[in-house]
Amino acid sequence: MNVDPTKPNFVLRLLDQPPDEEPVIVPLEGLKAVFFVKRFEGDAKRTRRNEFSGPATGRKVAVTFTDGEAIVGTSLTLDPSRPTLFLFPADRDGNNDKLLVVMSAVSSLRKL
């Protein structure tokens, strides 16, 4: 997957997709975020912690989405006027490595 935060969509190629098959074009509009995960299996029993579990690089922020989900993390480029924001979760032991947050799906963004 190749994601450019300045573009309105990204290209997704499935793991088992033949090389000659066209990739899927995914528009960011309508998404709340693109989650980059460490493992596809995840752990449904694990509860995400919204606290920092180690040193943090970047600005500490809390993001609340319009659906009520909240996540705490850091961002190297905090500019709410941009359409997207890369966020590195505070809980480094969780399955999310980073998120590309779609700002139109954010109800609140605050610095910590």
query: What tally of residues in segment 86-102 results from selecting those that are part of a strand (DSSP E or B) and either of a type in the set (Val, Ile, Thr) or over 15 Å from Thr57 (Cβ atoms) (or both)?
result: 5
query: If you go through segment 3-45 one residue at a time, how many are more than 16 Å from the chain's Cα centre (by Cα) and closer than 25 Å to Leu109 by Cβ?
result: 0
query: Can we say Gly73 is farther than 18 Å from Thr47 by Cβ and touching a strand residue (DSSP E or B) at 6+ places or on another chain (Cβ under 6 Å)?
result: no
- request: Of the numbered conditions (1) under 13 Å from the mean Cα position of the chain (by Cα); (2) closer than 25 Å to Leu14 by Cα, Gly73 fails exactly one; give the number of that condition.
  value: (2)
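Give segment 40-81 a look and list any residue that's in contact with a helix residue (DSSP H, G or I) (Cβ under 9 Å, 6 or more places away or on another chain) and either on the phi > 0 side of the Ramachandran plot or of a type outside the set (Phe, Trp, Tyr) (or both), or say none.
Restricting attention to segment 40-81, the residues satisfying the condition of being in contact with a helix residue (DSSP H, G or I) (Cβ under 9 Å, 6 or more places away or on another chain) are 65-67, 80-81.
If the condition is that a residue be in contact with a helix residue (DSSP H, G or I) (Cβ under 9 Å, 6 or more places away or on another chain) and either on the phi > 0 side of the Ramachandran plot or of a type outside the set (Phe, Trp, Tyr) (or both), then Thr66, Asp67, Pro80, Ser81 are the ones that fit.
Throughout, read-outs are computed from the coordinates displayed, never taken from laboratory work. Treat the numbers as computed from the prediction; the structure is a model and nothing was measured. Cβ sites come from the backbone with ideal geometry, for glycine too, and all protein chains shown count toward neighbours.
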